[in-house]
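Heads up: the structure comes next, in C-alpha cells.
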Amino acid sequence: MFDYRGVVVDVDPVFNSTEEWYENVALSRPPKDKPWYYVLVDGATHQTYVAEKNLEDDKSAKPIDHPLVGEFFNGVEGGIYVMKQRSN
C-alpha cells in the first residue's frame, strides 16, 4: 500500500497506540482489533507501525538496509531473518 520494504521486529495483537495517532496517521483506517507490526523500513533509519492488512510478503529476498537490523537479528538463513533472543 505504501510502496516500501521492511522487516518485522515486533507485533501487537491489537492496535496499541493513541487515538490521536490513529486519527492523524492511519488514514486508511485499518482495523484496531487485528495485529499491528513494528517494521524497520529498508533504506531508512526509522521504524513504522503497520496494520496487518497493509502488509504483504516480499518475494525479492533482498536484504533490508537499516541501521538497527543487527540489534534485532543474528543474520539471515534461507532468506529468513533470525531474531536475537530477548532478555526480559
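Table for the structure above
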| quantity | calculated |
| --- | --- |
| Virtual spin-label span in nm between Lys34 and His46, 7 Å along Cα→Cβ | 2.4 |
| Virtual spin-label span in nm between Glu20 and Leu55, 7 Å along Cα→Cβ | 2.7 |
| Nonlocal amide H pairs with Ala26, under 5 Å, H built at 1.01 Å | none |
| Placed amide H near Phe73: partners under 5 Å, 5+ positions off or other chain | Lys84 |
| Tail fraction, Cα-Cα pairs, the range 20-88, threshold 14 Å, whole percent | 68 |
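Quick note: the coordinates plus some simple rules give every number you see, no bench work behind them. Quantities reported herein were computed from a predicted structural model and do not represent experimental measurements. As a convention, Cβ positions derive from the backbone with ideal geometry for all residues, glycine included, and neighbour counts pool all protein chains shown.
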